[in-house]
Each structure stands twice: as C-alpha cells, then as structure tokens.
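Engineer: Right, I'll just put the structure down here and ask away after.
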Amino acid sequence: MSEIKKHDTPMLEYLKQEAWPSFVDDIEQYGEKHKKQACFDLLGQLELSYKHKETHWKHGGIVGVFGYGGGVIGRYSDQQEKFPAIWAFHTVRVNQPASKFYHTAALRKLCEMWDNRGSGMTNMHGSTGDIILLGTTTEQLEPIFFDLTHQMKMDLGGSGSNLRTPACCVGKARCEWSCIDTQELCYDLTMTYQDELHRPAFPYKFKFKISGCPNDCVAAIARADFSIIGTWIDDIRIDQEAVKAYVGGELKPNAGAHSDRDWGPFDIQKEVIDLCPTQCMYWDGEKLHINNKECNRCMHCINVMPEALRPGTDTGATILMGAKAPILEGAQLSTVMVPFIRLEPPYDELKEIVENVWMFWMEEGKNRERLGELMQRVGLANFVETVKLKHIPQMVREPRSNPYVFWKEEEVPGGWKRDIKEFRKRHPA
Amino acid sequence: MDIEEVKQKILEFMEKKAKSKSKVYLKDMQRAIPDAKPMLIKKAANELVKEGKLEYFSTGSTVMYSLPGQDLEKGMTQE
C-alpha cells in the first residue's frame, strides 16, 4: 500500500488542544488506521479554506444513481492537484429507520461497506435525519446503491427538490407521552410517497416531521413544512396522591433532571401554577385543579410532575404548516392548520390534506419557494381555502389580533350594499 | 394531453432553452406547457430521465434538468 501524505495543518492542530473531542483527531486516527489518503487531503483542504477564508468545494453535479433524482450530492474539490484523493467527494444520504433504532449488525454492515466503497467518514445523523455517508467517487455510486438496497434493505434518502426523508421522535417505542404512533406514521408516509422522495416533483424541498407530543422532540414546528404533532382532546390525567408526593418532597420534580444542584424544596405554586401560560391551574393545598378547556398543551406541568400528570387518552394530532429556516427572510414557525385530527392507518384524511397542499404548491409555488413563503405570499386566508381546509376560530389568537380571515360579501346576509335612506332614518347625519 | 405528447413538448422546450441555458427547473417546464397538469409534467420529465433523454442536475438543495452532454463546468463531467 502506498505511503499516505500528510499536509501541514497548524490551524487544525489548534482544534486538537482543548479537552473536548475533536473531529480532527477522529479523522486523523481513522486515516492512519485505514491508510486513507482522502482523510488527510480533506484536512489539508480544510486548512487551506481556513487560510483563504473561502470554501474549495464545488457544489452539485449530474451524479446520482439511475432513476433517482435525490440521495446523492455531488462534491468536487477545486484544488485537485494539491488534494487528488478528494477530487470527487460525493455525499450519500441514506434513509434512516423510523426513530433511528438500529441493530448493531446493520450498523456494522453499513460501516464495512463504507470503509470499502467510500472515505469511511459518516455523519450520524444529518439535520434532516438521514445517515450521511461522506465522500465517495462517481464510479462507486451504483455499487453502493446495490449494496444498500440488496444487502442491507436500506434506501437512499431525499435531497434536492424532493420530499425529504420523513423524520419522527422515538414515539411510543420509548416515550409514555406519545399521543400517536410516530414510527408507524413515518414509515407509512415514507412508503406512500416513494415517488416524491426519489423523483423531483416540487419547486423546492418539502419536509414532514412527526412528534408524538407537544414537547416536539424533533422540532417539527420549527423545521418542517408539514408538522404533525401529537396531542389530546380530553383532560390531563391527574394522580392527586402523586401530586401530594411532589409537594411533600417524596418525588423529585422533572424526574430528578435538575438534581445536580440544590434548588430548595419544590414549590408547586411557583414552579407549576404560576408558570402555566393560560393560568388554567389551581392548587388548593390538597388538590390540583385544571381547567382543561383553557389548556394550550404547553406540557410544562406534565414535564415537571411526570408521575402525577399525564396527557389525556383521547389522542390525535395537530397539523401545522410552513416552517422553514432560510437564509433570506429568517426563520418561521409552522402555523396551525388543523387543530385536531385522529390518526389511524391508513391515514387517508391526512394524505388528502397533504396532496391538496402539494397540488397548490406545485401550481403556484415559485422556483426555490418553500411552502411557508408561498403561504405568506398568497395570504393565509387564501391558502386555507385553496387547500380545502376551513377557517376556524382557533386560527385567530384573539379578536383583532391577527384578523387575516375576512368576511366575504356572499357570506354576509344582504351583502355590503345598504339602503342609505333607510340608514339615515335611524341615524340622522 | 397524454404523456407521450408532454414528453415531446418537454424535449422541444429543452432544445430551445439549451441555446441560452444548460439546465432548467421543473417549474420552467410547467410554465412552458400550461395545458398539462403539473403532476403529468413531473412524471413525463422523470420518464425522460429513465430513457436517458434528460439528466438530473442536483445542487443538494435543488434539482434541475438538462439535456445529456449539456452540462457542466469542466472537470465535473468526467472522472
């Protein structure tokens, strides 16, 4: 095996000095162990980028696997003579299993394949959720795809103007608060919309993210064009004895999460009741009362006293749309479109909403316009009507606060016209 | 309009566009063929890729379409 060539990287050396783990160490160790020149060329190019304060990657290209419009992102170095081993250094996105549960054997197989066919470097996981395999050449792409699909039963994920790989929280697999089976839904959406995942259909990216409860561990409300967040419509379940145990100091608040420091005795009034955003709770010294109609599902009381309070049992999800974290106009959170929907397989009602939204976005969306931007451009009232949803009082925070839903003439008895003579009889000028 | 007709219109549009642009968005095709449904145009464009008459160009965040051989910067086409 030929000798590997190391580059002089004084600025990267600096990153190895502190106590925390350094990616520089990791890449060097791996490169030395496996004699991978790509690892050292990668570090060499990074040092050069630090020096020049600009990237030396050329982004994009026609690379991909046959029939797929996403899953592979072309990367080329513009310093090919200095760093020949990373001349082509494509990224492969692999669809992660729902909630990212793996068998160790699957991970071993995947890593062995990547040691042989790629740089050996991975990113577990990218912010979309996929397994990211970093750095390979064009001629390895089809063999990688073959190995993934035939040996590991894995598939490429989404990239480009496609549906991106749907992502979900751990859901009912590990979390008692999950109001919906997030994994089942994530898998179902992934399988139903295979064509949209692999073959470019949209003006830009589109993301589904599914959280089991309003704690929203996958940050669906901040990151997904279509956020599905589990919720309940009945009452929060209360175990009054457990509430007393929290008040009496027998149970640790937040399941002991803040016990590394002495915060003093638990004060239910200060730490729960006064922090309720809708002030719908009351503690009379013996019993906890909740006015459930006012609850806005912030989850704070449930998080603080998990043994005493639990979400209700009549469960479903809230559908929100339009989140994005773009460069130009700043981040935007999703907006509630459907306050409550029951989610049971085969999720026909949900899919009908999804497809209506896609239809409208594909017709009206501009190139590189996210759904949230389209919603802003056409106005929420128009958007709601076009995707065949209904305007509902919950979309308005309070009267006159965000009055984006206006009456139309045909909805008002008598329309806008009035008899001015009749009016003046009652109201003299 | 059937899918074969749409495919033909896409190819005509691409050849016309190729004089000034090497790659176009799906949206540009949809604008150029207003009589066909967007979903049908997407299906036709993807079939043309399978037939080798069009190619995908992906930046990672966006996908565009080009005629084979139209691309690209020197150094990206061959390895």
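Engineer: Specify which of the listed residues (A:Ala85, A:Ala106) is outside any loop (DSSP other than H, G, I, E, B) and surrounded by 15 or more Cβ atoms within 10 Å (Cβ to Cβ). Lay out the reasoning, then the answer.
Structural biologist: Working: A:Ala106 fails: surrounded by 15 or more Cβ atoms within 10 Å (Cβ to Cβ).
From the options A:Ala85, A:Ala106, the qualifying one is A:Ala85.
Engineer: Report yes if some residue within segment A:83-98 is touching a residue at least 60 places away in the same chain (Cβ under 8 Å), outside the structural domain of A:Val218 (by TED's automatic domain parsing) and polar (S, T, N, Q); otherwise report no.
Structural biologist: Scanning segment A:83-98, I find at least one residue that is touching a residue at least 60 places away in the same chain (Cβ under 8 Å), outside the structural domain of A:Val218 (by TED's automatic domain parsing) and polar (S, T, N, Q), so the answer is yes.
Engineer: Enumerate the pairs (first residue in segment B:49-60 and more than 18 Å from B:Val6 (Cα to Cα); second residue anywhere and among the acidic types (Asp, Glu)) with beta-carbon separation below 8 Å, excluding pairs fewer than 6 apart on the same chain, so at least 6 apart or on different chains.
Structural biologist: From segment B:49-60, the pairs are B:Phe57/B:Asp71.
Engineer: OK, next. Which residue is nearest to B:Thr62 (Cα to Cα), if the candidates are limited to segment A:184-207 and must be more than 14 Å from chain B (Cβ to nearest Cβ) and touching a strand residue (DSSP E or B) at 6+ places or on another chain (Cβ under 6 Å)?
Structural biologist: Our first condition is that a residue be more than 14 Å from chain B (Cβ to nearest Cβ); within segment A:184-207, this holds for A:184-192.
Next cut, touching a strand residue (DSSP E or B) at 6+ places or on another chain (Cβ under 6 Å) only: A:185-186, A:189.
On the way: A:Leu185: 26, A:Cys186: 23, A:Leu189: 22 Å.
In this case the residue turns out to be A:Leu189.
Engineer: May I pose another question? Could you list, ordered by first residue, the pairs with Cβ atoms under 6 Å in which the first is in segment A:1-29 and within 12 Å of A:Gly44 (Cα to Cα) and the second is among the β-branched types (Val, Ile, Thr), at least 6 apart or interchain?
Structural biologist: Going by the 6 Å Cβ cut-off, the qualifying pairs are A:Leu12/A:Val24.
Engineer: Just name the residue that is nearest to A:Ile62 (Cα to Cα) out of those in segment B:58-72 that are modelled with pLDDT under 90 and facing chain A (nearest Cβ under 7 Å).
Structural biologist: Restricting to residues being modelled with pLDDT under 90 and facing chain A (nearest Cβ under 7 Å), the top hit is B:Ser58.
Engineer: If you go through segment B:15-40 one residue at a time, how many are without any contact (Cβ under 8 Å) to a residue 40 or more places away in the chain, part of a helix (DSSP H, G or I) and either facing chain A (nearest Cβ under 9 Å) or surrounded by fewer than 20 Cβ atoms within 10 Å (Cβ to Cβ) (or both)?
Structural biologist: The qualifying residues number 11.
Engineer: Taking the condition away from every other protein chain (no Cβ under 11 Å) and among the small types (Gly, Ala, Ser), does A:Gly31 pass? Let's see the steps before the verdict.
Structural biologist: Values: away from every other protein chain (no Cβ under 11 Å): yes; among the small types (Gly, Ala, Ser): yes.
Spelling it out, A:Gly31 is indeed away from every other protein chain (no Cβ under 11 Å) and among the small types (Gly, Ala, Ser).
Engineer: Could you list, in sequence order, the residues of segment A:339-388 that are under 30 Å from A:Thr313 (Cβ atoms), of a type in the set (Asp, Glu) and either assigned to a helix (DSSP H, G or I) or under 19 Å from the mean Cα position of the chain (by Cα) (or both)?
Structural biologist: Matches in segment A:339-388: A:Asp348, A:Glu349, A:Glu352.
The values are calculated or read from the model by the stated rules, or taken from the named source; none is laboratory data. The structure displayed is predicted, hence computed values, not measured ones. Note that each Cβ is placed from the backbone with ideal geometry, even for glycine, and that neighbours are counted across all protein chains shown.
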